[in-house]
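One structure is given here, and the rest of the page talks about it.
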Amino acid sequence: MDQSEAPLLDALHDHHLSHRYGFTPPGHRQGRGVDERVLRVLGRDPFRSDVLANGGLDDRRSRGGYLKRAEDLMAEAVGAEVAWFSTCGSSLSVKAAMMAVAGGDGSLLLSRDSHKSVVAGLIFSGVVPRWITPRWDAERHLSHPPSPEQVEEAWQRYPDAAGALVVSPSPYGTCADLERIAEICHARGKPLIVDEAWGAHLPFHDDLPTWAMNAGADVCVVSVHKMGAGFEQGSVFHLQGDLVDQDRLSACADLLMTTSPNVLVYTAIDGWRRQMVQHGHELMGAALELADRTRRDIEQQIDGIEVLDDELLGVQASHDLDRLQIMMDVSATGTSGYQAGDWLREYCQVDMGMTDHRRILATMSFADGADTAGRLLHALSLWRKAAADFERPPRVELPTPAELELETVASPRDAFFGPVEKVPAEQAAGRISAEQLTPYPPGIPAVVPGELINEAVLDYLRTGVEAGMNVPDAADPRLRTVRVTA
């Protein structure tokens, strides 16, 4: 295929030149009806490009084939057999993959560090989770992706599971040994799904961690908006091999997908694919060099910050690391990551990719340059001086690895949809949760519906909220009350 093409972008360009007018949605009529106060902020161009995918950009039967050709170009560019675009984020894509592999009355091996969208997939589909406990760094209070040995042990416990799903890279940039995990799954004739939302850039440079399709995964899901150049909600899921039914996967995606996809999201994915094929190796190489320099500059110039790197790798840790994710431990400064992130936003207009009780994360991308890296370094130096006057952060009660492993006593679906009641948080220990309780970011649930809540995890979440943790999916984000099964 001609990778210099961008079928969706070209079709949108032609649409602009054609002066086509539609007596169809969207009702703003390419901006004609939009309030001038809105246009002053957003401009007219986004509305000019907000057209129907079918019956607008393409005809009512998609005879132009723009989307299909763009998806085929994407699949070829990254070495997959099939690719689908999603305008509903990887949250939709991973649910579709779960339903295609284990929908109905099946079960899946799932890493317990999975994103909340995976738990949502369990609730929607009724798929039974067979949890794989991630490796745990008790000293740093940080989880690592599961090892191949842990996946093998899970298969021995649950040989009837329909497949396995692991997250790699994690939101911290840590990666699993996907090649060995895929071999273990395939030895049983079972598929491997990889939630690779943070890995859309991985196919385009050899110094980045292994791309899931190259490692032998059957389905992988990527968020183009995270590490690529797509709009928010832009996602692609890829398929190869014959262990997952292509028609069923497409049908599951169709069940969940909006019938009004945003053409802006589609075209941005299409244009990013062409950019990466033509210039990705150069751009990613420069980004990696910049990230390495930035890591060294932070450690050498900012007292009390530990930039985590090789500390995250090893037999009992992660297999690989995406070094575009710069994770900084600030605990030696006597302040919390929440305090650091809030101060940097308020006083330097710099937003961090993630904050927790002891860390901040700067996500670098191929779009960054010496100017933005310098801005980060300058902001961190200002924060470090100001931090001397910070109040000591509230203490977060950290559970042990054993205390974090909550017992599953009901299916997530049954617990979520069954009779529930709200109880004071002090009375929730020993009850079955009917809701997700998820520190966000990174969006990994500490409590899943159907799990037996214990005192240690409750204390962790409640003291975390007092220290600045965000738990947005709880019915009561302050965690004064908790929804439990009645």
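The share of alpha-carbon pairs in the chain lying farther apart than 30 Å comes to 51%.
With neighbour counts taken as other beta-carbon atoms within 10 Å, the residues K116, K68 rank, fewest first, as K68, K116.
Rank Q300, F47, A388 by how far each Cα sits towards the positive end of the charge dipole of the chain (+1 on Lys, Arg Cβ; -1 on Asp, Glu Cβ) and give me just the farthest. Among Q300, F47, A388, the one farthest towards the positive end of the dipole of the chain is F47.
In this Cβ point-charge picture (+1 for Lys and Arg, -1 for Asp and Glu), the chain has a dipole of about 1600 debye about its Cα centre.
The Cα-based radius of gyration and maximum Cα-Cα distance (Dmax) for the range 353-422 are 20.7, 55 Å.
When restricted to Cα atoms, the range 401-485 yields an Rg and a Dmax of 11.5, 33 Å, respectively.
Given 4 °C and 1.567 mPa s, compute D for the range 280-389 with the Stokes-Einstein relation, Rh being the Kirkwood radius over Cα pairs; round to the nearest whole µm²/s. Answer from the Stokes-Einstein relation: 91 µm²/s. Legend: ranking of residues H141, H201 from fewest to most surrounding C-beta atoms inside 10 Å; resulting order H141, H201.
Using r as the Cβ-Cβ distance of R248 and L52, and R0 as 35 Å, what FRET efficiency do you calculate, to the nearest 0.05?
Working: r = 27 Å, r/R0 = 0.78.
The calculated FRET efficiency here is 0.80.
Using the Cβ-Cβ distance between L382 and Q427 with R0 set to 56 Å, the FRET efficiency works out to roughly 0.80. Computed over the range 146-251, the quotient of the alpha carbon radius of gyration and 2.2 N^0.38 Å is 1.07. Each label point was placed 7 Å from the Cα along the Cα-to-Cβ direction; for Q300 and S4 their separation is 4.2 nm.
Taking the convex hull of the Cα atoms, report for the range 68-226 its projected area averaged over all directions, in nm².
Details: hull surface 37.9 nm².
Computing the convex hull of the Cα atoms and averaging its projections yields 9.5 nm².
Spin-label pair E403-D292: with each label point 7 Å from Cα along the Cα-Cβ axis, the two points sit 4.2 nm from one another. This ranking places F390, F47, F204 by how few other beta-carbon atoms lie within 10 Å of each, fewest first, which gives F390, F47, F204. Each other residue within a Cβ distance under 15 Å of L73 adds +1 if Lys or Arg and -1 if Asp or Glu, for a net charge of -4.
For the range 7-274, taking Cα atoms only, Rg and Dmax work out to 20.0, 63 Å respectively.
Among all the lysines, which ones have a C-alpha under 21 Å from K190's C-alpha, if same-chain residues fewer than 8 places away are not counted? Output for K190: K95. Taking Cα centroids, how far is the range 446-486 from the range 282-321 in Å? Cα centroid to Cα centroid, the span is 33 Å.
All C-alpha to C-alpha distances of the range 43-143, sorted into 10 Å bins beginning at zero, yield P(r) values of 13, 27, 28, 21, 9, 2 percent in whole numbers. The distance between label points at L313 and E391 comes to 4.2 nm (points 7 Å beyond Cα on the Cα→Cβ vector). How much net charge surrounds G334 when only the other residues with a Cβ under 14 Å from the Cβ of G334 are counted, with Lys and Arg +1 and Asp and Glu -1? That sum, taken over residues with Cβ under 14 Å, equals 0.
Taking the Cα atoms of the range 345-486, the ratio Rg/Rh between the radius of gyration and the Kirkwood radius comes to 1.08.
FYI, it's all coordinate maths here, none of it is from the lab. Treat the numbers as computed from the prediction; the structure is a model and nothing was measured. So basically every Cβ, Gly included, is an ideal-geometry build from the backbone, and we count neighbours across all protein chains shown.
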